[in-house]
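**Student:** Below: one structure in structure tokens.
Here, each number is a calculation from the coordinates, and none is a lab measurement. All values derive from a computational prediction rather than experimental measurement. Note that each Cβ is placed from the backbone with ideal geometry, even for glycine, and that neighbours are counted across all protein chains shown.
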Amino acid sequence: MARAHSSFVCQVCGAVYNRWTGRCDACGSWNSITEEAAAPPVPGAKASTNARNRRAVPFESLSGPTDQTPRMLCGIGELDRVTGGGFVRGSALLLGGEPGIGKSTLLIQASAALARTGARVVYVSGEEAIAQVRLRAERLGLSDAQVELGAETNIDDIVASLSSGRVPSLLVIDSIQTMWSPTVESAPGTVTQVRASAQALIRYAKTSGAAVILVGHVTKDGQIAGPRVVEHMVDAVLSFEGEHGHAFRILRAQKNRFGPTDEIGVFSMTGRGLEDVENPSALFLSSRDTAAAGVAVFAGMEGTRPVLVEIQALVAPSPLATPRRAVVGWDSNRLSMILAVLDAHAGLRLGSQDVYLNVAGGLRIQEPAADLAVAAALVSSHLDAVLPHDSVFFGEISLSGSVRAVSHSGLRLKEAARLGFTRAVIPAAAVEPPQRSSDDGISVSGMANLTSLLRHIAPSGGQQRRSQAS
């Protein structure tokens, strides 16, 4: 009897090898390669060389009638914002997040909200029993919603059950790592099983018009577990983030074929579930210490929404031969660049100092407009100069020490004025010569380079402290 063909697949990145190796050359993971049976052929795609069994694919031109894809609003404002205005019919969405972050809570709330509008919603759990899902719904006050629950992991049985009745408007699979197909000779959770199960569900979504949400586990690095090909197969990838020590959660779009990829949704975890945070800036600045040095308020942009967050910096003498650089919520490589620019162009000798940087509230900042706020916080901590409590900072710093203009300056200043800030430190290129205040009444100060920022923060004691540090 002929031996079944098998291959060795990395369970982290999905790379395929002809033999077992201890380390994956593609992603560098150790002991992640396991032997799996060959993936089965796509159902319905029979290999045949007979031309009579082949079907011609019709092609059409770019011009012609188009059907506007309808969207379904689930009623949760922050979720609808991140998805681009609601769920798209016939789309597949992948939601990832750490265990216990609130993925199942968010999806059961969205399912209940959509079911109350009269739509058919099916929630299939492969990790919990129906009684456990009912207990969560009862705790959240969602028992009256007509959500159809199922506890099954066989993907063929799930698709067959869905095809027998009315097409659901929303299908939730929690999680994709627990699903398995009997046509694949592999354990549930392996790369082959995850790929086959996701392919079957995506095919069902495209042919039936139902919106499908797949829940995915994450690895230690925060990446969605399983093969990266699943992220390419789905239409949208959402990441549910948050610190367990904080009450709020952040939903971020990493990929979205039907909307923007830079929007975020902010939720607050309460005893009644997740609640929308319509004003995240007030939440991030609620416990701000206005009398401490090393604290600067950054006026940032998350998609189309301006968000004000607090940047905290601590510069202290280091007893170690190699000073520490600890960063939370920002890029550590960018912090190294800012420190080098401060040393080269502002005269601040921070090479022998321990530097700690933190974005308050657990938010992770990705845009370079935070450079000026980070530099202001570092200078404030090093010179022990308290920044004005009613000032905001934003601007990009180049390697030459100049401050570059950023986009959406008007929206940033408008949000700062709405929260009671009266002064703003921004790039000089964004300030016209006769202008001393914005349209919202904020007094603006233009910074051309880091030297002007240093004079702005400590006009008198800055030069003496800087000379001592050098």
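**Student:** Order by neighbour count: Val167, Val425, Val431, fewest other Cβ atoms within 10 Å first, most last. Before the final figure, lay out the partial values.
**Tutor:** Numbers: Val167 14, Val425 26, Val431 20.
Least crowded to most crowded, the residues run Val167, Val431, Val425.
**Student:** Compute the relative contact order of region 139-190 as a whole-number percentage, counting only Cα pairs closer than 8 Å that sit 6 or more residues apart in sequence.
**Tutor:** Working: 25 pairs, mean separation 17.4, N = 52.
With pairs under 8 Å counted, the relative contact order is 33 percent.
**Student:** Using DSSP, restrict attention to beta bridges with both residues in the chain and report what percent are antiparallel, rounded to the nearest 5.
**Tutor:** Values: 45 of 83 bridges.
Here the antiparallel bridges make up roughly 55 percent for the chain.
**Student:** Here are labelled values, (1) 75, 56, 45; (2) 85, 53, 52; (3) 76, 64, 49, and one is the computed Cα extents along the principal axes in Å for what I pasted. Which one?
**Tutor:** It is the one labelled (2).
**Student:** Starting at the first residue of region 326-340, write each ³J(HN,Hα) from the Karplus equation 6.51 cos²θ - 1.76 cosθ + 1.60 with θ = phi - 60°, in whole Hz, x for Gly and Pro.
**Tutor:** The phi angles translate into 10, 10, 10, x, 8, 7, 5, 5, 6, 5, 4, 5, 5, 5, 5 Hz.
**Student:** Looking at region 72-277 only, what percent of DSSP beta bridges run antiparallel? Nearest 5 please.
**Tutor:** Working: 17 of 42 bridges.
Restricted to region 72-277, the bridges split so that about 40 percent are antiparallel.
**Student:** Using Cβ contacts closer than 10 Å as the measure, can you line up Met447, Met233 from fewest to most? Don't jump to the answer; show the numbers that get you there.
**Tutor:** Values: Met447 26, Met233 17.
With the fewest neighbours first, Met447, Met233 line up as Met233, Met447.
**Student:** Nearest 5 is fine: what % of DSSP beta bridges in region 302-433 come out antiparallel, could you say? Walk me through the numbers on the way to the answer.
**Tutor:** Details: 10 of 17 bridges.
Counting only bridges with both partners in region 302-433, antiparallel ones make up about 60 percent.
**Student:** Taking only DSSP H segments of four or more residues, each worth -39500 (n - 2.57), what value at 222 nm results for the chain once the sum is divided by all its residues, to the nearest 500 deg cm²/dmol?
**Tutor:** Working: 12 runs with 122 residues, N = 470.
After summing the helix terms and dividing by residue count, I get -7500 deg cm²/dmol.
**Student:** Just how many pairs of Lys in the chain have C-alpha atoms closer than 25 Å, counting pairs that are eight or more places apart or on different chains?
**Tutor:** Details: Lys46/Lys206; Lys103/Lys206; Lys103/Lys220; Lys103/Lys255; Lys206/Lys255; Lys220/Lys255.
For the chain, qualifying lysine pairs total 6.
**Student:** Where in the chain is the longest stretch that carries no chymotrypsin sites (Phe, Trp or Tyr not before Pro) classed as loop by DSSP and with at most 16 other Cβ atoms within 10 Å? Don't jump to the answer; show the numbers that get you there.
**Tutor:** On the way: sites that count: Trp20, Phe59, Phe258.
With a cap of 16 other Cβ atoms within 10 Å, the longest stretch comes to 259-470.
**Student:** Going by how many other Cβ atoms sit within 10 Å of their own, how do Thr192, Thr290, Thr261, Thr83 line up, fewest first? Present the calculation step by step, with values, prior to reporting the outcome.
**Tutor:** Numbers: Thr192 25, Thr290 12, Thr261 15, Thr83 29.
Ascending Cβ contact count within 10 Å gives the list Thr290, Thr261, Thr192, Thr83.
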